[in-house]
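Here is the structure we will look at, set down as structure tokens.
The values are calculated or read from the model by the stated rules, or taken from the named source; none is laboratory data. Only a predicted model underlies this, so the values are computations on that prediction, with no experimental measurement involved. Cβ coordinates were reconstructed from backbone atoms using ideal geometry, including for glycine residues, and neighbour counts include every protein chain displayed. Quick note on the areas: whole protein, heavy atoms, side chains included, nothing else; ligands and nucleic acids left out. Shrake-Rupley method; radii C 1.70, N 1.55, O 1.52, S 1.80 Å.
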Amino acid sequence: MYYEPWHSPDGILTLSKDRATSENTNNKTFKGLLNRGLLVAYERNRSNEPFCNMVRCYINVQFNAVYELSRIQNAYGMDWRGPYAGPYAHAQIAAFDTIVAALGVSEG
């Protein structure tokens, strides 16, 4: 899944205003909400294996970006492409929603 205005070329969910921290935060928490929404769709369509594989792969890309590129210890940045840029509340919410989604689609 890839929609150019919302993603970097490597598939990481991003928004044009990721680095601006003083503006309205609705679009910033959207990233986590999208991943949680995909988790709900995944859970309701477990019999559709191609769909579930696509959602699992997409959420895993987002989780890996959050965890590997945009984290310092237990704090997460807003721009998931990195580097970490401050412990803003909206960044933590979006990251935690994505972590929950990744746990929900894990096969283990």
Where T25 falls short, out of the listed (1) at pLDDT 95 or above; (2) buried (at least 17 other Cβ atoms within 10 Å of the Cβ); (3) over 13 Å from the mean Cα position of the chain (by Cα): (1)
Residue ID - modelled with the highest pLDDT, chosen from residues in region 1-22 that are within 19 Å of F63 (Cα to Cα), open to solvent by less than 100 Å² (accessible area, probe 1.4 Å) and not small (G, A, S): I12
Single residue of region 80-90 satisfying the filter (in contact (Cβ under 8 Å) with a residue 40 or more places away in the chain and part of a loop (DSSP other than H, G, I, E, B)) that is least open to solvent (accessible area, probe 1.4 Å): W80
Restricting region 91-108 to residues that are of a type in the set (V, I, T) and open to solvent by less than 10 Å² (accessible area, probe 1.4 Å), the residue that is nearest to the chain's Cα centre (by Cα): T98
Filter result (open to solvent by 30 Å² or more (accessible area, probe 1.4 Å) and more than 11 Å from A102 (Cβ to Cβ)) within region 58-78: E68, L69, R71, I72, Q73, N74
